[in-house]
Amino acid sequence: MLDLKLYMAQRISAMIMAPLVLCHIAVMIYAVQGGLSTAEILGRTQGSVFWFLFYGTFVIAVSVHAAIGLRVIAHEWLRLTGFWLSTLTWVICLVLLFMGARAVVAVTML
Amino acid sequence: MMRPSKSHPLWFAFVVHRLSGITLALFLPAHFWIMSLALTNADQLDRFLTFADNPLVKIVEFCLVFLLSIHIFGGLRLLAMEFLPWSNAQKSLAAAAVGLSLFISGTFFLQAI
Amino acid sequence: MTKPDPLHLDVTIRRSDHDGSRDAHFQVPARDNQTILDVVSWIQQYADPTLSYRFACRVGMCGSCAMMVNGEPRWACRTHVKKVLNGSKVHIAPLRNLPVIKDLVVDMDPFFDKWGQAEGRHHPTQTRDDPVPRIDPEGAQRAEANAGIECINCSVCYAACDTVAGNPEYLGPAALQRAWTVFNDGKNADRQAILDAVSGSSGCHNCHSMGSCTHYCPNDLNPMQAITGLKRETVKAFIRGKSNA
């Protein structure tokens, strides 16, 4: 259920995310010290072009990566094929994109 | 029957990669929703972050950081296997990914409590 | 737990016919040196002549006697009973991932059809009137071709693969390894035909590198490595804009 194009999308999104995930983990370890607060998070991210691009890229890549990954699992474990498999892939991708974009806007803009 | 009765290290690495991937994908919508509270309801986000100081939540967070780490280091092993010259050390590399992930998620946990 | 009987083996065989499948139990005399193939043959000759199974060479050359022994795919002829015995018990079943015809005999057609689909066949460059081309036996490309050349199509890797189990269209480790072998053969002409054949929705990109093929191959071949080779070459062709998949 993965042809060459989907495989490329899966691997390229993985390569884009690799440095972002490592950075995300580092920020988590740094930020979690002393507990989290809305003011602390927004103080770091709000109005920052860097964090907007960082999380924006992250959300796009993870939406593609998760949609293709779950597509494969839905086929292998749930035997989904054809129209419903493609629909599921797109729905997962678009839902994650929409919710992710909302989160990025919430913490970096306004 | 999903598997031969005797599993082996790389089969185990595959299962870990798949299950961590599913869990992270299911966690993402919740994560996104909570972060978007900053936009719609900042008080609720603050209440959630206070709730997150609960030790049980810290353990859940530790698990999530471990799953994220094992998914990325396991994934980097697969990328290296596919795009770099072949290495016969796949089992050792998979074990190293587990060790590194425990170290990183352990560091997170110690900083969080 | 009852003490194992040193004189007899408790053999369970998964039997199938047009009425369905069931487990059949047999008491087989234990010997000092005894393979799973010896056990199955003893049952067929002395206990139940209707038991169906396949074998030919008895020495691990022909690849026709593969079956599931205690849930693992193995050559019956090269599996010593003592190595797999569970107390005095052993469970024998037909190969996984293939349709059962009767008892331990599976239909190998899907397996061999995929060899064809993966384009693992010679694409000639020359005619009989041309001189024989010189191939450097030490060359890097020849070494890649040689690595998988001892495959005898026994289907142990195919039965071991969970990706085949989940995705029955997937070409599987044996066919893909053959494609990689021919791809690296200096006398083979149409390399892109092979890359296109393994790049579709049932091709090499479905492999999750769980390595059960390599783990169980009785000839110590490494189909997982061959498949990563195909992945790399298909990606190179994709970047060069040559892919038709």
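The values are calculated or read from the model by the stated rules, or taken from the named source; none is laboratory data. Everything numeric here is computed off the predicted structure, so don't read it as measured data. Because the Cβ atoms are built from the backbone with ideal geometry, glycine has one as well, and the counts that use them run over all protein chains shown.
Overview of values
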quantity: Unmet requirement for B:L84, which otherwise passes all of (1) exposed (fewer than 13 other Cβ atoms within 10 Å of the Cβ); (2) of a type in the set (A, V, I, L, M, F, W, C); (3) facing chain A (nearest Cβ under 7 Å); calculated: (3)
quantity: The listed residue being buried (at least 19 other Cβ atoms within 10 Å of the Cβ), among the aromatic types (F, W, Y) and closer than 29 Å to A:I68 by Cβ, out of B:F12, B:F32, B:F27; calculated: B:F32
quantity: Criterion (under 30 Å from B:F14 (Cβ atoms), part of a helix (DSSP H, G or I), of a type in the set (A, V, I, L, M, F, W, C) and facing chain A (nearest Cβ under 10 Å)) met by exactly one of B:L49, B:L45, B:L37, B:L28; calculated: B:L28
quantity: Test: residue in the range C:200-208 that is among the small types (G, A, S), crowded, with 24+ Cβ neighbours inside 10 Å, assigned by TED's automatic domain parsing to the domain that holds C:H123 and not in a helix (DSSP H, G or I); calculated: yes
quantity: Total residues in the range C:165-199, condition in a loop (DSSP other than H, G, I, E, B) and closer than 23 Å to A:L80 by Cα; calculated: 8
quantity: Qualifying residue in the range C:76-89 (condition: buried (at least 21 other Cβ atoms within 10 Å of the Cβ) and assigned to a strand (DSSP E or B)); calculated: no
quantity: Residue match in the range A:42-54 (condition: assigned to a helix (DSSP H, G or I), more than 8 Å from chain B (Cβ to nearest Cβ), at pLDDT below 85 and more than 22 Å from A:L96 (Cβ to Cβ)); calculated: yes
quantity: Where a residue in the range C:208-219 is more than 10 Å from chain B (Cβ to nearest Cβ) and its partner, wherever it lies, is of a type in the set (D, E) and surrounded by fewer than 21 Cβ atoms within 10 Å (Cβ to Cβ), with Cβ under 8 Å and at least six apart; calculated: C:N219/C:E150
quantity: Counted residues, the range C:41-69 - those being in a helix (DSSP H, G or I) and of a type outside the set (S, T, N, Q); calculated: 4
quantity: Residues of the range A:64-84 that turn out to be assigned to a helix (DSSP H, G or I) and facing another protein chain (nearest Cβ under 10 Å), as a count; calculated: 11
quantity: Close pairs (8 angstrom Cβ cut-off, 6 or more residues apart or separate chains): within 14 Å of chain C (Cβ to nearest Cβ) and closer than 17 Å to C:C204 by Cα in the range A:2-24, assigned to a helix (DSSP H, G or I) and of a type in the set (S, T, Y) anywhere; calculated: A:L4/C:T234
quantity: Any hit, the range C:222-239, residues being modelled with pLDDT under 95, surrounded by fewer than 18 Cβ atoms within 10 Å (Cβ to Cβ) and in a loop (DSSP other than H, G, I, E, B); calculated: no
quantity: Residues (over 17 Å from A:I25 (Cβ atoms) and either within 11 Å of the chain's Cα centre (by Cα) or more than 9 Å from chain A (Cβ to nearest Cβ) (or both)) located in the range B:52-76; calculated: B:N54, B:P55, B:L56, B:V57, B:I59
quantity: Given (1) of a type in the set (A, V, I, L, M); (2) at pLDDT below 95; (3) assigned by TED's automatic domain parsing to the domain that holds C:V156, index of the condition C:M1 fails; calculated: (3)
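Condition check ((1) in the same structural domain as C:A30 (by TED's automatic domain parsing); (2) in contact (Cβ under 8 Å) with a residue 24 or more places away in the chain) across all residues:
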position: C:R74; (1), (2): yes, yes
position: C:K82; (1), (2): yes, yes
position: C:Q117; (1), (2): no, yes
position: C:T125; (1), (2): no, yes
position: C:R128; (1), (2): no, no
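A quick yes/no check of all residues on (1) within 16 Å of the chain's Cα centre (by Cα); (2) of a type in the set (G, A, S); (3) modelled with pLDDT of 95 or more:
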position	(1), (2), (3)
C:V11	no, no, yes
C:P29	no, no, yes
C:S41	no, yes, yes
C:D48	no, no, yes
C:H80	no, no, yes
C:L98	yes, no, yes
